[in-house]
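**Q** Handing you this structure, nothing more for now.
The values are calculated or read from the model by the stated rules, or taken from the named source; none is laboratory data. Here the structure is a predicted model, which means the values were calculated and not measured. Virtual Cβ from ideal backbone geometry, glycine too; neighbours counted across all protein chains shown. What goes into the accessible areas is simple: the full protein's heavy atoms, side chains included, and nothing from ligands, DNA or RNA. Shrake-Rupley method; radii C 1.70, N 1.55, O 1.52, S 1.80 Å.
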Amino acid sequence: MTIKLVGSSSGSVALDAPASTTSGANIEFKLPVADGSADQVITTNGSGQLQFATISGSPVKQIKNYYQTGDFTTTSSSYTDITNASLSITPTSATNKIKVTLISNIFNGHTGYSRTRAQIRILKDNSAAHSIYYFAGHQGPTNDYLFFPMAFEFVETAGSTSARTYKMQIMRAEGNQTLTLNGFSYTVQEFTNA
């Protein structure tokens, strides 16, 4: 069945019913009592009442990213800043979450068998927020380095709408070889709890 509304000067708009409904049920929709606002959509409450509603946006509110293609190396047994792994963000809501991610490959530059342990930490406004250990090993008589994929992620509630800077640091916690991050992607993002 079709309901057809004819325009006052030309054209028409039609509403078509499906050929059948689930279990042959009679379905009734009640139109909204107002015309809604700009950019709203018609939604249903699941019982036939239609209303205008605003679609909420993406849960991701902002993203800051830095991508480095070249290597970062260190021989330090004390924490040292990972060059360019420092990003600032100003949260839009104190209840939103902040996620910090570092993705890279890590290895040590040593011929023959060796074991090197790296410790990586994140600082929030120069205060330690989280740390984790990674092993970077190499085995064999040639210069065939063994790369270890690395993904470091930290999530916290923003707590305020004040600007803050998240910075990554690395140190050699064991061994005496050079630690190398073979390029990296560093991201700070804000998202809602939804």
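**Q** With respect to residue 65, is the statement that it is open to solvent by 80 Å² or more (accessible area, probe 1.4 Å) and either touching a strand residue (DSSP E or B) at 6+ places or on another chain (Cβ under 9 Å) or within 30 Å of residue 164 (Cα to Cα) (or both) true?
**A** yes
**Q** Hey, can you tell me all the residues within the range 94-121 that are under 25 Å from the mean Cα position of the chain (by Cα), surrounded by 14 or more Cβ atoms within 10 Å (Cβ to Cβ) and either at pLDDT 90 or above or part of a loop (DSSP other than H, G, I, E, B) (or both)?
**A** Hits for the range 94-121 are 96, 97, 98, 99, 100, 101.
**Q** Among the residues of the range 58-81, is any part of a loop (DSSP other than H, G, I, E, B) and at pLDDT below 85?
**A** Checked the range 58-81: at least one residue is part of a loop (DSSP other than H, G, I, E, B) and at pLDDT below 85.
**Q** Can you name the condition, by its number, that residue 40 falls short on among (1) at pLDDT below 85; (2) over 37 Å from the mean Cα position of the chain (by Cα)?
**A** Answer for residue 40: the failing condition is (2).
**Q** Next up: For residue 60, state whether it is touching a residue at least 12 places away in the same chain (Cβ under 8 Å) and under 41 Å from the mean Cα position of the chain (by Cα).
**A** yes
**Q** Moving on to the next point. Residues that are over 23 Å from residue 101 (Cα atoms) and at pLDDT 65 or above: find the strands (runs of 3 or more DSSP E) completely inside the range 126-177 holding 1 or more of those.
**A** Hits in the range 126-177: 164-174.
**Q** Give the range 8-29 a look and list any residue that's open to solvent by 80 Å² or more (accessible area, probe 1.4 Å) and assigned to a loop (DSSP other than H, G, I, E, B), or say none.
**A** If the condition is that a residue be open to solvent by 80 Å² or more (accessible area, probe 1.4 Å) and assigned to a loop (DSSP other than H, G, I, E, B), then 8, 9, 10, 18, 19, 20, 26, 27, 28, 29 are the ones that fit.
**Q** Can you name every residue in the range 30-44 that is surrounded by 10 or more Cβ atoms within 10 Å (Cβ to Cβ) and in a loop (DSSP other than H, G, I, E, B)?
**A** Residues satisfying the conditions are 32, 36, 40.
Matching residues to (1) among the hydroxyl-bearing types (Ser, Thr, Tyr); (2) farther than 30 Å from residue 177 by Cβ; (3) in contact (Cβ under 8 Å) with a residue 40 or more places away in the chain:
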| site | (1), (2), (3) |
| --- | --- |
| 20 | yes, yes, no |
| 25 | no, yes, no |
| 55 | no, yes, no |
| 64 | no, yes, yes |
| 70 | no, no, yes |
| 85 | no, no, yes |
